[in-house]
Amino acid sequence: MSRLLPLIVLSILAIAAPASAVDLDELLDSGADHDGETIELTGELIGDYSVRSDGVWVQLNVDAYVDAPLLETGQLAGRNTGIGAHLPLEVFDEAWGAPGGYRQRGPIVTVTAVFRYHDPALQGDTYLDVVSVSLVEASMPLSEETPRNLLGLGIAALVVAFLLHFGTEVVKVLARKSG
Amino acid sequence: MLLRPNRSDARRIAFALGRVILVVGAAGLLPLAWAIGKREWASAVAFVLMIGIAALIGSVSTLVAPKDPRLRWSHGMTVLALAWLAVPALGALPLYLSGHYGSMVDAFFDAMSGVSTTGLSVIQDLDHLSESVNIWRHALQFLGGQGIVLAALTFFAATGILSLYYGEGRDERIFPSVMSTARFIWLVSGVHAAVGVTVYTLEGVSRLGYSWSRALFHGANVFMAAFDTGGFTPQSTSLMYYHSLTFEVTTAVLMIAGAISFSLHHMWWRKREGSFKNLEVRTILITFGITLTLGLVGLAAQGLYNDVGSLTRRGFFQVLSAHTGTGFATVSSSDLADWQGLAFVGMAMAMALGGMASSTAGGVKSLRVGLTVRAIFDSVRGALLPEKAVVSRTYRQNGQRHLTPQLAQSVMVISLLYVGLYLAGAAVGVAYGYPLQDALFESVSASAAVGLSVGITSPTMPVLMKIIMIGQMWLGRLEFIAAFSLVGFVASWVVGE
């Protein structure tokens, strides 16, 4: 019950103060103005699920790659924009799938959370205190082609380097033998 | 009259450069092994290609090997300046092939930022980068922090290597032989690596809930960036990603260890007393105290943090990160841009001053700062005392030393060159329309190999500005002399007789 209490309190607060959809960049640029607000963000869970005794820490990215993963489109769209999210253990669900990373598009989720700016409880950390999560799309693997032509080029360079090196050594030895 | 270098000079330089490139190729075996282990085939191919090219260049350099490969001072400096361009060029190849860079210039920017241990980055979608390429980014910082040429020296005993050693920003040898000194530097780094990576990995597994593989991945990368005062991180949210006090404290300790000169490490290892009487140690303690006070008072005055705990933890870490030239962030870029007034002055000063000489840090360096202040103080004292009074111009640095006019002059020239570089970069930023304060912050960050950013450094930054920042990172890391030697070498080639 004691573990559920904060979640219940947060949930009541979230219901009392309806979540507003905001842009993450704007949130980070004017953090002080939004401190304590209940907000709603849709993004990709990234990196690692850091499962601890008091909850799960994960990074939530809200950027262009959420809708258009680089490996699918090949289109670069700037830097990642992310923020740490703290999920109560009761909210976290392993069924969402692996978090995003190389060849993996993480689960796309909509989180309702209280925005904590320079939170004294965590000595100045800025993060999302998540109340609820709804899964939009489960995690999915992405594929990447192996560039065989470049592999051939690399191996060819290694072979030529090997032949040059040992060819030179052989010539030196022969030259020494012939006086 | 300038003497035109002959073919023998060129062959000596090419041969030495080839050796350095071979070592960088060999360093690529580490991320290649990781790529194969993790089945990151596209990345593995990029590393095979890079290693192949390095091997080819190394073999060709063997073909042109001169009978007498000894390097004169000017050869050494030229090799050094060229190596610090060639290595990032080669190192940029796997970065570019990863598909996370908009152009080869961008990949070269990050590779130069890596080897110069700056930590500024224009990578896109870092959070989906393969682990092996991420390891390579951090390995570049490790190579650069240790000294690319120093790394090469360890594998290829060469003659005439003294200039190479000094050219990489190391002011004194710990042992009579450069090779012994190089081995000691690797020993110190190895011990810190063993302890640092173990602490990170255990924290990752036991408290952060990572798998062993992920904990090792994060631990090894953050170690390389912390000890070599680089500042790259495997995730886009920098050190904020971990939400771990243990990670922060371990990183702080490693940053300090990286910013300390290897000769001081040696004194401590041998339990020799008197290190705190050294001018350099006293200077860095005083400048850190001043910049930290400015930073904390500035933050308190701005009211950015509501409690002492937050203010101290964030302020201390950021000023330490700036002073050691590391560039890790526990606050976001937009947060950092809000640090105004005294907080900004404290951060900018900390970045500009940098760590100790013969360490992995950048910036003007504490010894130069201390000597400059001492020289000014002595001059003022000399002016105030009676004409016949004898002014003692000595300082303590591993024993009593004389502050000769030549030494004072050379120290001030280098310090002024750094200030010039900071201002020139800021002027370019202002010309592109950025606010002066932001442009100055970013310029100092690039020139002093720090890597903190208020948001100017980005993939969408103008290409010319990227190229200028590459130049700043290169010049700042080489501390100007080797770069000037290269210019002199080229000039004598063109107009010499």
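Throughout, read-outs are computed from the coordinates displayed, never taken from laboratory work. It should be emphasised that the depicted structure is a prediction, and the values quoted were computed from it without experimental measurement. Note that we place each Cβ from the backbone using ideal geometry, even for glycine, and neighbour counts take in every protein chain shown.
Quick rundown of the values:
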item: Average projected area [Cα convex hull, the stretch B:270-309], square nanometres; result: 4.1 nm²
item: Protection proxy ranking of B:196-204, B:361-369, A:41-49 - average other beta-carbon atoms within 10 Å, highest first; result: B:361-369, A:41-49, B:196-204
item: FRET efficiency for B:Leu407 and B:Phe377, using Cβ-Cβ distance with R0 set to 22 Å, rounded to 0.05; result: 0.90
item: Relative counts (whole %) of C-alpha pair distances in the stretch B:182-305, using bins that are 5 Å wide; result: 2, 10, 16, 18, 16, 15, 13, 8, 3, 0
item: Radius of gyration, Dmax [the protein assembly as shown; alpha carbons; angstrom]; result: 26.2, 96
item: Ranked B:Val45, B:Val390, B:Val463, B:Val205, criterion: other C-beta atoms within 10 Å, fewest first; result: B:Val390, B:Val463, B:Val205, B:Val45
item: Spin-label model distance (nm) - B:Trp268 vs B:Ser211, 7 Å beyond Cα toward Cβ; result: 3.6 nm
item: Order by protection proxy (mean Cβ within 10 Å, highest first), peptides B:84-93, B:29-38; result: B:84-93, B:29-38
item: Projected area averaged over orientations for chain B, convex hull of C-alpha atoms, nm²; result: 25.5 nm²
item: Largest to smallest principal axis extent of the C-alpha atoms in the stretch B:176-456, angstrom; result: 72, 49, 35
item: Inter-site label distance for B:Arg7 and B:Ile286 at 7 Å from Cα along Cβ, in nm; result: 5.7 nm
item: Shielding by partners - mean other protein chain Cβ count within 10 Å, residues of A:51-63; result: 3
item: Residue mean of other protein chain beta carbons inside 10 Å, B:200-208; result: 1
item: Modelled FRET efficiency - R0 56 Å, B:Val64 with B:Lys277, Cβ distances, 0.05 increments; result: 0.65
item: Pairwise FRET efficiency - B:Ala427 versus B:Leu202, Cβ, R0 = 51 Å, nearest 0.05; result: 0.60
